[in-house]
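J.: Below you will find the structure I want to go over with you.
The values are calculated or read from the model by the stated rules, or taken from the named source; none is laboratory data. Fair warning: this is a prediction, and the values are worked out from it, not measured in the lab. Here the Cβ positions follow ideal geometry from the backbone for every residue, glycine too, while neighbour counts run over all protein chains shown. SASA here: full protein model, heavy atoms, side chains in, ligands and nucleic acids out. Shrake-Rupley method; radii C 1.70, N 1.55, O 1.52, S 1.80 Å.
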Amino acid sequence: MIRTPRAAAVLVAAASAIASGQFTGFAPRVDLPMPGYNPVGSVLADLDNDGDLDIAACGFSAAGLDHFAIFLNNGDATFTGPTYWSVGNSPTAIIAKDVNLDGKMDLLTSNRDTDDFSLRLGDGDGTFGPELYWSVGDRPQDLVSADFNGDGLPDVAVVNEFDDSVSVFFGNGAGGFALNFTYTTNNPDGNYGNGPRGITAADLNFDGLPDIVTANTSSNRATVMYNIAGAPGNFFYGEFAYFLTTGETPFDVDAHDHDNDGDVDLVFANGGGTVTRRFNEYNESGGVAFPSFPTSSNYNLGASSRLVELCTADFDDLESDADRDIVVSDEVNSRIGLLMNNGSGGISFGGWYATGSAPEHPSSGDLDGDGDIDLVVAQYSAGSVGVFVNKSTVALADPPVVRIDSPGSYGTTGGCVCGPNATITGVAYSPDAYFDHYSVRVRPVSNPAGWVTLAFSGTAVGEPGGTLATWDATGLGEGFYLFSLTGVNLAGNSTTAETVVWLSQNYSSLNVGIPAIVGSTACVTGFANDDGCGPNGYTVDYRPSAGGVWIPVDPAHPTYSGDALNVTLATWDTIGLAIPDGNYQIRVVAYNGCGQQKSSTLSVKVDNTAPTVAITVPDQCSIFAPFGAVEVRGTAIDANLGSWSLQFTGGPFTSWQTIGTGFANVNNGLLANWDISGLPPCAYTLRLVASDTATLNCNGAIDHTSVYLRSVQLGCRADLAEPYNLLDLADVLAFVEAFTAGCP
């Protein structure tokens, strides 16, 4: 940045008055008493709409009158109150959410001993409406709110310890909830998801829907229940859930990006004295449907520690630089522990801070408006809430404001980049006069060292936003990329915004199949999917092999929307469309939202004609002496013959007996010689059955089958040869035949 000498002097003078933003510890704890109560949970939110963060803490009462307490912030981390509002028995956790979308914060608690959760709608002045409640499972311990079904309205999930379950409620946006389903946290063997105590919700796989994770104290594992993209608000559970090992006795779980790679990681507070982090492989692997969090790390805070709750925030700098540190409550030793994040997943111990007796749930936020993050913790046995003010005050300089407007984050509108070029828009400025510069970088999410700088500018871009940089993606591979926008002020303080996008350079996957010979209704199967830029779709058409115009196989569906994975892509009713027998081509063309296409053409034969079958010799009702062999002649013909079989039944047989089989066409020729020696005199039926090789009605069955029947008689003739009134040579021959056959 080039400045005139006079301007430079002014800026240097201003910069010299700006203090560093590095973490220097917490000021001595200030306790806010809750006489007669044992506080368990805490949350920070602006409950009176005055622009600063207030405190809500829920707790038990020896008198059995359980409440949450409200402490209203004076704007400088001093508080008035408490005022109390009743809820169900033994509230174990409290969250703040505007569930009726009126711009006023509401409060919800999970109530352990009444097996329900409570809601009080905020009036916007620190007071609340009547208690509403909904029944859940056995011994609810924690709850979380998110838009689980994608309708834009807040929903609620409650974790139940004693029946190993999560109850999911859908909100109506007016303060009402309806139970959608109660999901087990356990596997089919019942030994992975026992005793869930903590719960969190976050989009772990970038499909735009929050997933659910529970910390299961009795099985030393976490249950990951992925939201089903095709049925938002429903979750994979039981044998379809994913189970992660944790430390000993996990009580609480947090979901945020802890290694700055753009995806969501998991952190667990374990009663055995360790903090476990499981790192998401979504971006490292280029995107998987159900991340398995293969990489983990454990930090041991001592065997004497019993870590029951945690929160994560950036305590060592301004709130927006994304390096999330970890605070854990040590219930046994009455202290909180701080683990500092180095920005790439590494952590170091930041010290212990003494609390009141039996600290429970910590919460973080800027209580005094100085730009750094303060801490609040519920102190169960002390009957109070402890307030820890961060001493890392930044004077005179407001943190830079940065925002990436376009492209949007993957899974949302605009989260896809159609190669080869993209424009990055947004804002980068300081609310005061101390802005220095901004930079825009990009890298493949799978390559943490692959940063490329797209822009470095000393010119601020203010509201409503503008162009920050351009990206020439020519020649780059298709996949996930991480954009990072960092604004820096003259104090050296920075704010970073990041977004993950999908770069689409082509349509990803098309694999199509159809049987070689089909009849009736035929199925075109396979998969057509693109990992990145929607809307996706495909067409399925046919034409004669000799050429001609392509025609939809299903006139009612000239196009199909969305992805298809190992399913029937389309059906072709060859009879309903009066398709003549013959050779055809099937073509599938798939496309994505970038207009990129992939096609596949297959050859197929249509056969809707059954085989022609007939027995020409012997004649119907022929009579034979029961010895020797009978020549059977006939026809079994088809353009796609599979096989034919000549059979007989009768006499002592009640089922069909095979005389001969074949796989080649026979046109009025010898089918087989039927050995009738030893067969007792009786009536017999001959059957000729032929089938072709056409696959019918999508099910792989060979249904084109033709049958021809003919009856014959084995035994002695009752009369001499006809005509009966004339003795001739035929009568003599008939007599000789009967005599030699042993006929009476």
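J.: Binning at 5 Å from 0, report for the stretch 350-503 what percent of all alpha-carbon pair distances ends up in each bin.
T.: Answer for the stretch 350-503: a P(r) of 2, 9, 15, 15, 12, 11, 11, 9, 8, 5, 2, 1, 0 percent.
J.: Of the options Ser645, Thr249, Asn333, report the single residue whose Cα projects farthest towards the positive end of the charge dipole of the chain (beta-carbon charges: Lys, Arg +1; Asp, Glu -1).
T.: Highest projection toward the positive end goes to Ser645.
J.: Whose amide H sits under 5 Å from the amide H of Gly273, counting only residues 5 or more places off or on another chain, with H placed in the peptide plane?
T.: Placed amide hydrogens put Leu307 under 5 Å from Gly273.
J.: Still on this structure: Take every Cα pair under 8 Å in the stretch 473-554 that's 6+ residues apart, average their separations, divide by the length, and report that relative contact order as a whole percent.
T.: The normalised contact order for the stretch 473-554 reaches 20 percent.
J.: Roughly speaking, what % of Cα-Cα pairs in the stretch 533-604 are separated by over 21 Å, rounded to a whole number?
T.: For the stretch 533-604, the share of Cα pairs beyond 21 Å comes to 27 percent.
J.: Here is a further query. Tell me, what is the per residue accessible area of the stretch 182-262 in Å², probe radius 1.4 Å?
T.: Per-residue value: 32 Å².
J.: In terms of modelled amide H atoms, which long-range or inter-chain residues lie less than 5 Å from the amide H of Ala625?
T.: Correct list: Gly715.
J.: Next up: Given a 1.4 angstrom probe, I'd like the percentage of the accessible area of the stretch 177-235 that is carbon and sulfur, rounded to a whole number.
T.: 45 percent
J.: OK, next. How much of the accessible area of the stretch 528-627, in percent, comes from carbon and sulfur atoms when a 1.4 Å probe is used?
T.: Looking at the stretch 528-627 in its full context, I get 54 percent from C and S.
J.: I want the local charge near Leu565. Using Cβ-Cβ distances under 12 Å, sum +1 for each Lys or Arg and -1 for each Asp or Glu among the other residues.
T.: Its environment carries a net charge of -3.
J.: Dipole of the chain (Lys/Arg Cβ +1, Asp/Glu Cβ -1, origin at the Cα centre): which of Thr114, Ser622, Val689 lies farthest to the positive side?
T.: Comparing the listed Cα positions along the dipole, Ser622 ranks first.
J.: Going by amide H atoms built from the backbone, whose H comes under 5 Å of the H on Thr355, apart from near neighbours?
T.: Long-range HN contacts for Thr355: Arg335, Ile336.
J.: From zero up to wherever the largest Cα-Cα distance of the stretch 601-689 sits, split into 5 Å bins and tell me the percent of pairs in each.
T.: Binned Cα distances yield the sequence 3, 13, 22, 22, 15, 10, 6, 4, 2, 2, 1, 0, 0.
J.: Compute the signed sum of charges (Lys and Arg +1, Asp and Glu -1) over the other residues within less than 15 Å, Cβ to Cβ, of Val540.
T.: -1
J.: So, how do all the Cα-to-Cα distances of the stretch 179-336 break down into 10 Å bins, in percent, from 0 on up?
T.: 12, 39, 36, 13, 1
J.: Now for a separate question. Taking Cα pairs under 8 Å and at least six residues apart, what relative contact order does the chain come out at, in percent?
T.: For the chain, the relative contact order is 8 percent.
J.: Another question, then. What does the charge count near Leu482 come to, summing +1 for each Lys or Arg and -1 for each Asp or Glu among other residues with Cβ under 9 Å from its Cβ?
T.: 0
J.: Beyond 12 Å, what share of the Cα-Cα pairs of the stretch 180-236 is found? Please give it as a whole percent.
T.: 63 percent
J.: From the phi of every residue in the stretch 148-153, what ³J(HN,Hα) in whole Hz does the Karplus formula 6.51 cos²θ - 1.76 cosθ + 1.60 yield, where θ is phi - 60° and glycine or proline is x?
T.: Taking θ as phi minus 60°, the curve returns 6, 9, x, 9, x, 10 Hz for the stretch 148-153.
J.: Same structure again: For the stretch 493-573, what does the accessible surface come to per residue with a 1.4 Å probe? Please give it in Å².
T.: It amounts to 39 Å² per residue over the stretch 493-573.
J.: Taking only protein heavy atoms and a 1.4 Å probe, what accessible area per residue, in Å², does the stretch 342-413 have with all protein chains in place?
T.: Result: 34 Å² per residue.
J.: What's the ranking of 493-505, 30-42 by average number of surrounding C-beta atoms within 10 Å, highest first?
T.: 493-505, 30-42
J.: For the stretch 59-117, what is the charge dipole size about the Cα centre, in debye to the nearest 20, if Lys and Arg each add +1 at the Cβ and Asp and Glu each add -1 at the Cβ?
T.: 100 debye
J.: Can you tell which of Thr661, Thr635, Thr609 lies farthest toward the positive end of the dipole of the stretch 578-665, using +1 and -1 charges on the Cβ of basic and acidic side chains (Lys, Arg; Asp, Glu)?
T.: Of Thr661, Thr635, Thr609, it is Thr609.
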